């Protein structure tokens with residue numbers, strides 16, 4: 001589904017990505033683990049078309065993504081939830097969700113997609129008319145995920161979805177993400193600070209350090225690996 005090969009990117013003299021290779025198969029949840037500055041956000045930004053990598057290939061269902069604009073990548077079936085969220089604060093929950101359904105196929109299925117989002121996040125259904133800027137960070141993160149789902153993606157990119165959220169809200173968010181994964185129509189590539197929680201829901205994981213892939217494997221194996229636990233799980 002998603003094939004990344006030889007991906008490089010630099011910010012001036014700083015090498016953010018160095019010959020990165022990653023695969024995401026249909027129906028998979030793949031976690032990218034690494035310390036701050038490892039290159040995780042740069043990797044997702046390259047896939048989403050938010051930056052053009054210095055070198056390498058990103059192919060999605062056979063189509064080369066490098067050189068495409070962000071809206072073209074969304075039209076191919078990839079939606080992104082960035083760490084910054086980029087919601088429209090003066091607009092309501094419902095209006096923000098509608099903005100996610102901007103492709104022709106998504107507009108045609110907008111009512112069904114909205115119902116699906118509200119089934120994942122019942123709290124949003126009750127607050128559909130509320131202005132987004134008056135809502136908590138956790139509520140806004142639910143909206144950001146919901147808006148991405150309104151595009152009816154086959155691949156969802158998540159950059160630190162639980163960052164800054166209270167534990168109870170993070171648990172609710174992960175429950176929704178696990179349901180998305182179980183539904184089987186949307187693959188997930190996620191960067192997540194809570195490595196233990198990410199590996200619990202993922203099928204596979206990659207370890208990123210200083211822009212290079214230094215390990216990969218099944219999520220259960222990574223979670224039980226002593227070296228991984230010491231470096232990434234805080235043990």
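Dividing the C-alpha radius of gyration of the range 133-199 by 2.2 N^0.38 Å, with N its residue count, gives 1.06. From its DSSP helices (H runs of at least four residues, each -39,500 (n - 2.57)), the chain gives a residue-normalised ellipticity at 222 nm of -11000 deg cm²/dmol. Annotation: the antiparallel percentage among DSSP beta bridges lying fully within the chain is about 55.
Its residue count N fixes a reference of 2.2 N^0.38 Å for the chain, and the Cα radius of gyration divided by that reference is 0.98. Evaluated on the range 176-235, the Kirkwood hydrodynamic radius is 12.2 Å, with distances taken between all distinct Cα atoms. At full extension, residue 105 and residue 212 could sit 34.8 nm farther apart than now, given 0.36 nm per residue minus the alpha carbon distance. Length, then width, then depth: along the principal axes, the Cα atoms of the range 1-120 run 45, 32, 25 Å. Fewest-first ordering of 131, 24 by other beta carbons within 10 Å of each residue's beta carbon gives 131, 24.
Relative to the longest principal Cα axis of the chain, at what angle does helix 167-183 sit, 0 to 90 degrees, rounded to 10? Between the helix axis and the principal axis of the chain, the angle is about 90 degrees. Is the shape of the range 66-193 best called rounded, prolate or oblate, per the rule: a/c under 1.5 gives rounded, else a/b larger than b/c gives prolate, else oblate, with a ≥ b ≥ c the square roots of the Cα gyration tensor eigenvalues? Verdict is rounded for the range 66-193. Relative to the dominant Cα principal axis of the chain, helix 110-120 is inclined by about 70°.
Values quoted throughout were computed directly from the atomic coordinates according to the rules given, and no laboratory measurement underlies them. Source: prediction; values computed, not measured. Cβ coordinates were reconstructed from backbone atoms using ideal geometry, including for glycine residues, and neighbour counts include every protein chain displayed.
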